[in-house]
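**Q** Quick one: structure below, then a few questions.
The values are calculated or read from the model by the stated rules, or taken from the named source; none is laboratory data. Nothing here was measured: the structure is a model prediction, and the numbers come from that model. Cβ sites come from the backbone with ideal geometry, for glycine too, and all protein chains shown count toward neighbours. Note: areas computed on protein heavy atoms with side chains; ligands, DNA, RNA excluded. Shrake-Rupley method; radii C 1.70, N 1.55, O 1.52, S 1.80 Å.
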Amino acid sequence: MTQVPIAPDLFTWPSDDPALIAGRSSDGVLVFPYRKQKLVEGTREELEKVELPRHGTLWSFTTQRFRPPAPPYAGADDAESFEPFTVGYVELPDALLIEARLTEPDHEKLSIGQKMELRIVPFGTDADGNETMIYAFAPVGAADRGAN
Amino acid sequence: MSTPDVAIIGTGLHPFGRYEGKSALQMGEDAVIEALADAGVAWEQVQALWASSMEVTNPEAILGLLGRTGIPARATFTGCASGGTVLAQAANAIRMGDADITVAVGMDKHPRGAFSAHPSVAGLPDWYGEAGLFLTTHFFGLKANRYLHDHGISHETLARVAAKATRNGERTPHAWRRKPLSVEEIMASPVLNYPLRQYMYCNPDEGGAAVVLCRADQAHRYTDTPLYLRASTLFSGRDGAFDLLSPSLPLAAQPSPTVFASKAAFEQAGLGPSDVDVIQLQDTDAGSEIIHMAENGFCADGDQERLLADGETEIGGSLPINTDGGLIANGEPVGASGLRQVYELANQLRGRCGERQVSDARVGYAQLYGSPGTAAVTIVST
């Protein structure tokens, strides 16, 4: 099955060392998710595509106990197979706080300030039967186990 | 204190809850009729109306129920801050000289369960919803978790907020949830968005609330107990504020829009936090109430642990907060919720609250916060 990003310009893919993509304006402001243009002092400016750091620290986290309303949710699970997941903000040094799903589903195993790293993980299936991939953050060194 | 130009002369409420077979507009109608009776004003005397609703596209259609008098009737919606917005607009019509008597009304009837919408209506990409991130409840859990961590606040303090809300609900005849829950029962409820548990959350429901306003110099024609609108402010979030549904945030943090709305409101009113006798805060969840105590200037970050343990936010305490049980005990019909706060403040300031009455209440404060990062503050006084 072909693996495709859940949306274009979200992260570098395919890649052996993928990174999240942000936009950067001439005044150095980072915009995630990337978009083409942004107002800078009254003028619409094309943003430069830049890669964000792959490592950071967990700024906060929480849990999602029930399956989110679908649509818009498009996970491969259904009401029976849904597994509660966690989300958090990861502070990427000198860049941004990024909201993301976390690969560790047990909030007891997460703590604010712990070191996290970017993972690109399988998520669902698109209309053409490709496997969609999303970004997530994992505790550094955690086994690769999907978006949880 | 500043000289007021607008008075509140009547308030009405269709109790919040679940009402099968009754429409949002009908609940709004009931609230307006109660507010008019309270003010001693006939519907035909009302010269302008502002209405808000999340579920009803044209809530100003309430005129079809109240009477098609031909007055300017407008609708506006600013999420959970809508009550503050329609109140401000109804007041501004009086200040502008457009009308002497106006009505602000809110109404809603939400389906059961979590709010569901397409991310594009919030300016967010489709994948954000597909990935399961388009849920406002994540924000409440994420903000509470970080706040508790930074300021040394225990999970039991979250439970104390919810327990207080249910105790105040028990003392409020029109509240939706009137069964008091103990800290232990709340701590035993399932974790929804860590650290927030099921009984620490409000639920969407149904209801209506209305306020009748008039020129301050004419208020005594209608009532012996007018209230005066001392401040109404609304601020959107600025870059760096941690607001709902943010895929990323800059490292340089800015305060919440609530902080700006609160400071501006106290300035408008010529009052400070210590002048306030009754407080209504947006308690979508117990964490929000704790955070909003500090964001509105009623305590320093971290003091909540002691204030809750000492019962200072109870009806008999130094900072009575959400005396009618707030959103946790009443639920949130989004379009009506802000005016429910004003209804409770008016009843407190007019000494009508029976066993939940705050003694000698003269100044009331109400704060709203919601999507997409909008905060409103209203201050009223005798």
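**Q** Among (1) more than 8 Å from chain A (Cβ to nearest Cβ); (2) part of a helix (DSSP H, G or I), there is one condition B:LYS143 misses while meeting the rest; what is its number?
**A** (1)
**Q** Another one. Can you name the helices (runs of 4 or more DSSP H) wholly within segment B:1-104 that have at least 1 residues being under 30 Å from B:THR284 (Cα atoms) and open to solvent by less than 40 Å² (accessible area, probe 1.4 Å)?
**A** Ranges flagged: B:24-39, B:82-95.
**Q** Spot the failing condition for B:LEU281; the list is (1) open to solvent by 30 Å² or more (accessible area, probe 1.4 Å); (2) in contact (Cβ under 8 Å) with a residue 12 or more places away in the chain; (3) not assigned by TED's automatic domain parsing to the domain that holds B:GLY21, and only one is missed.
**A** That leaves (1) as the condition not met.
**Q** Turning to a different aspect of this structure: So which of A:THR132, A:THR43, A:THR86 ends up being touching a residue at least 60 places away in the same chain (Cβ under 8 Å) and more than 22 Å from B:GLY141 (Cβ to Cβ)?
**A** None of the other options fit; the residue is A:THR132.
**Q** Something else about it: Which ranges mark the strands (runs of 3 or more DSSP E) fully within segment B:192-273 that have 1 or more residues being touching a residue at least 40 places away in the same chain (Cβ under 8 Å) and out of contact with any Gly (no Cβ under 7 Å at 6 or more places or on another chain)?
**A** B:206-215, B:227-236
**Q** Looking only at residues that are in contact (Cβ under 8 Å) with a residue 60 or more places away in the chain and open to solvent by less than 30 Å² (accessible area, probe 1.4 Å) in segment B:122-140, which one is nearest to the other protein chains (Cβ to nearest Cβ)?
**A** B:LEU133
**Q** Still on this structure, please answer the following. Taking segment A:46-76, which residues are without any contact (Cβ under 8 Å) to a residue 12 or more places away in the chain and surrounded by 13 or more Cβ atoms within 10 Å (Cβ to Cβ)?
**A** Answer for segment A:46-76, where residues must be without any contact (Cβ under 8 Å) to a residue 12 or more places away in the chain and surrounded by 13 or more Cβ atoms within 10 Å (Cβ to Cβ): A:PRO68, A:PRO69, A:ALA70, A:PRO71, A:PRO72, A:TYR73.
**Q** So which residues in segment A:118-144 are under 15 Å from B:TYR128 (Cα atoms) and out of contact with any Ser or Thr (no Cβ under 9 Å at 6 or more places or on another chain)?
**A** Correct list: A:MET133, A:ILE134, A:TYR135.
**Q** Could I ask something else about it? Among the residues of segment A:34-43, is there at least one that is crowded, with 16+ Cβ neighbours inside 10 Å, within 14 Å of the chain's Cα centre (by Cα) and part of a strand (DSSP E or B)?
**A** The answer is no; no qualifying residue exists.
**Q** I'd like to check something: does segment A:45-62 contain any residue that is of a type in the set (Lys, Arg), modelled with pLDDT of 95 or more and in a loop (DSSP other than H, G, I, E, B)?
**A** Yes, because at least one residue in segment A:45-62 is of a type in the set (Lys, Arg), modelled with pLDDT of 95 or more and in a loop (DSSP other than H, G, I, E, B).
**Q** Here's something else I'd like to know. I need the full set of residues from segment B:186-198 which are more than 13 Å from chain A (Cβ to nearest Cβ) and either acidic (Asp, Glu) or buried (at least 22 other Cβ atoms within 10 Å of the Cβ) (or both), in order please.
**A** Correct list: B:ILE186 only.
**Q** Among the listed residues B:VAL377, B:VAL358, which satisfies the condition of being β-branched (Val, Ile, Thr) and under 28 Å from B:PRO255 (Cβ atoms)?
**A** Residue meeting the stated conditions: B:VAL377.
**Q** Kindly list, by first and then second residue, each pair from a residue in segment B:311-329 that is assigned by TED's automatic domain parsing to the domain that holds B:GLY354 and on the phi > 0 side of the Ramachandran plot to a residue that is basic (Lys, Arg) and buried (at least 24 other Cβ atoms within 10 Å of the Cβ), limited to pairs with Cβ atoms under 8 Å and residues at least 6 apart or on different chains.
**A** The qualifying pairs are B:ASN322/B:LYS164.
**Q** Another question, then. Can you spot a residue in segment A:120-127 that is within 27 Å of B:LEU251 (Cα to Cα) and open to solvent by less than 40 Å² (accessible area, probe 1.4 Å)?
**A** yes
**Q** Something else: Go through (1) farther than 18 Å from A:LEU118 by Cβ; (2) among the hydroxyl-bearing types (Ser, Thr, Tyr); (3) part of a strand (DSSP E or B); (4) more than 10 Å from chain B (Cβ to nearest Cβ) one by one and return the number of the condition A:SER26 breaks.
**A** (3)
**Q** Check whether at least one residue in segment B:300-307 is of a type in the set (Lys, Arg), open to solvent by less than 10 Å² (accessible area, probe 1.4 Å) and assigned to a helix (DSSP H, G or I), and report yes or no. Give the steps one after another, and end with the answer.
**A** Residues of segment B:300-307 of a type in the set (Lys, Arg): B:306.
When the remaining residues are screened for being open to solvent by less than 10 Å² (accessible area, probe 1.4 Å), the result is none.
Looking for residues that are of a type in the set (Lys, Arg), open to solvent by less than 10 Å² (accessible area, probe 1.4 Å) and assigned to a helix (DSSP H, G or I), one finds none in segment B:300-307, hence no.
**Q** Pull up segment A:94-120, narrow it to residues that are outside any loop (DSSP other than H, G, I, E, B) and within 11 Å of chain B (Cβ to nearest Cβ), then point me to the one that is nearest to the chain's Cα centre (by Cα).
**A** Among them, the one singled out is A:ALA100.
**Q** Next up: From the list B:LEU213, B:LEU148, B:LEU181, which residue is within 14 Å of chain A (Cβ to nearest Cβ) and of a type in the set (A, V, I, L, M)?
**A** Testing whether each residue is within 14 Å of chain A (Cβ to nearest Cβ) and of a type in the set (A, V, I, L, M) leaves just B:LEU148.
**Q** B:ALA269: outside the structural domain of B:GLY83 (by TED's automatic domain parsing) and under 17 Å from the mean Cα position of the chain (by Cα), yes or no?
**A** Spelling it out, it is not the case that B:ALA269 is outside the structural domain of B:GLY83 (by TED's automatic domain parsing) and under 17 Å from the mean Cα position of the chain (by Cα).
**Q** Please state which one of B:VAL46, B:VAL41, B:VAL56 is closer than 24 Å to B:ASP205 by Cβ and outside the structural domain of B:GLY169 (by TED's automatic domain parsing). Show your work before the answer.
**A** Details: B:VAL46 fails: closer than 24 Å to B:ASP205 by Cβ; B:VAL41 fails: closer than 24 Å to B:ASP205 by Cβ.
Every option except B:VAL56 fails the conditions.
**Q** Another one. Against the definition (assigned by TED's automatic domain parsing to the domain that holds B:ARG167 and at positive phi), how does B:GLY335 come out, yes or no?
**A** Criteria not met by B:GLY335.
**Q** Condition first: farther than 20 Å from B:PRO190 by Cα, open to solvent by 50 Å² or more (accessible area, probe 1.4 Å) and facing another protein chain (nearest Cβ under 9 Å). Can you find one or more residues in segment A:77-92 that meet it?
**A** Kept after step one, since they are farther than 20 Å from B:PRO190 by Cα, are these residues of segment A:77-92: A:77-78, A:89-92.
Those still in the list that are open to solvent by 50 Å² or more (accessible area, probe 1.4 Å) too: A:78, A:91.
Subsequent filtering for residues that are facing another protein chain (nearest Cβ under 9 Å) retains A:91.
Within segment A:77-92 (the criterion being farther than 20 Å from B:PRO190 by Cα, open to solvent by 50 Å² or more (accessible area, probe 1.4 Å) and facing another protein chain (nearest Cβ under 9 Å)), the answer is yes, since at least one residue qualifies.
**Q** Considering only residues that are of a type in the set (Lys, Arg) and assigned to a loop (DSSP other than H, G, I, E, B), look in segment B:163-191 and name the one that is farthest from the chain's Cα centre (by Cα).
**A** Checking each candidate, the answer is B:LYS179.
**Q** Being assigned to a helix (DSSP H, G or I), modelled with pLDDT of 95 or more and of a type in the set (Ser, Thr, Tyr) narrows it down to one residue among B:SER318, B:SER288; which is it? Don't jump to the end; show me each part of the working.
**A** Values: B:SER318 fails: assigned to a helix (DSSP H, G or I).
When all the criteria are applied, what remains is B:SER288.
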